[in-house]
Every structure is written in structure tokens, then in C-alpha cells.
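The values are calculated or read from the model by the stated rules, or taken from the named source; none is laboratory data. These numbers were taken from a predicted model, which means no experiment stands behind them. Quick reminder, even Gly has a Cβ in these numbers, built from the backbone with ideal geometry, and neighbours come from all protein chains shown. Heavy atoms of the whole protein, side chains included, go into the accessibility calculation; ligands, DNA and RNA do not. Shrake-Rupley method; radii C 1.70, N 1.55, O 1.52, S 1.80 Å.
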Amino acid sequence: MTSILITGGAGFLGSLVCHCLAQSNQYERIVILSRDWHKHTKLREELNDDSRFRWFIGDVRDRDRLVRAFNGIDHILHLAAHKDVVSGEYDPRELLLTNCVGTQNVIEAAIDCKVKKVLIVSSDKSAAPLSAYGKSKGFAEALAIAAN
């Protein structure tokens, strides 16, 4: 059984990916990991309770939760990120914890669980970054490259 897990799967980009995956037969099991029950419920309804989807509440900041979620997963699409540029300037620590530490947690948990492939999605703001957000995504890219 081929499986994929999407971090931030109930967010804006994650929900678009889920709708695309619902139209294909590429995966037999699609696991959505995010922090928001409300968004999970809304997306589950939009997908008509498609039985291929599994719903996992969790946070990329919690490495132990990731290890549990990644068990038996073939592919990971890492979309979870703190993306608000303005609030990130006021509280860059949140960017650091979610975008950098969270990405490192995804990498380490994927290695521990022998996940075959991990795709870490970044941002155009990481190229010549001017904001704390762009810098955090650039650092997350560096972590992914180093882990490769």
C-alpha cells in the first residue's frame, strides 16, 4: 500500500494538494497532519469522507508525534510552516520553532521511520531574503539540503 503524509495538510496549499490527490489513484492512504481540528473537519467534508484519507492532529514542533505519524509512510510532503511575514517580524521565535526546528524534526523523524522520499516545500521569499520569514525558510532549505 503506497502512502503519503502531508504536514500542514489542512492549510491553504495542503487542502489544494488533497483535492488533487482525491482525483488520482496514486496513493492508497493519504495522511493529513495539521494542528487545526476545524480545518480537518471542513476538508473532510469537502472530500466527502474519502476513505483513503486519515486525519492526524499534530505539530511539526513535536518530534515524538511526528515519529508516530510517519510510521508506515512512504512519502512526505512537508508544507507546514508559519507563513505570516508581518507577525514573523514581531515574533521571529515562532518562525524559528515552526519553520526551522519543525523542518529538522520532519527530517529526523522521516529518517528514523525509513520514509522513502521527503519533499520540503519552501518559498520564493527565501531567495535573497529581506524578512525573518524568508530567512527562516532559507534556513529550512539548508537543513533539507544538508540532510540529503
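Observations, loosely collected:
- Apportionment of accessible area to carbon and sulfur, the chain, percent (1.4 Å): 54 percent
- Centre-to-centre, using Cα atoms only, region 16-63 and region 87-139 are separated by 21 Å.
- Total charge dipole magnitude, the chain, about the Cα centre, Cβ charges on Lys, Arg, Asp, Glu only, Debye to nearest 20: 220 debye
- 3J(HN,Hα) from dihedral phi, region 97-103, Karplus parametrisation 6.51/-1.76/1.60, rounded to Hz, x for glycine, proline: 5, 7, 6, 9, 4, x, 5
- Rg then Dmax, both in Å and based on the Cα atoms of region 92-132: 12.3, 36.
- Solvent-free Debye scattering, log10 I(q)/I(0), computed from the Cα coordinates of region 21-147 at q = 0.16 Å⁻¹: -0.84
- Relative contact order for the chain, counting Cα pairs under 8 Å that sit 6 or more residues apart, in percent: 23 percent
- 3J(HN,Hα) along region 59-74, derived from phi through the Karplus expression 6.51 cos²θ - 1.76 cosθ + 1.60 where θ = phi - 60°, amounts to 10, 5, 6, 9, 4, 4, 5, 5, 4, 5, 5, 7, 4, x, 8, 8 Hz, with x in place of Gly and Pro.
- Per residue, in Å², the accessible surface of the chain once ligands and nucleic acids are set aside, probe 1.4 Å: 56 Å²
- Taking amide H positions as modeled 1.01 Å from N, with prolines and chain starts lacking one, the residues under 5 Å from Val118 and 5 or more places away or on another chain are Ile76.
- Amide H contacts under 5 Å for Phe53, placed H, 5+ residues apart: Ile30
- Using distinct alpha-carbon pairs, which all enter the 1/r mean, Kirkwood radius of region 6-70 in Å: 11.8 Å
- Dividing the helix sum by the residues of the chain, where each DSSP H run of 4 or more adds -39500 (n - 2.57), gives a mean residue ellipticity at 222 nm of -13000 deg cm²/dmol.
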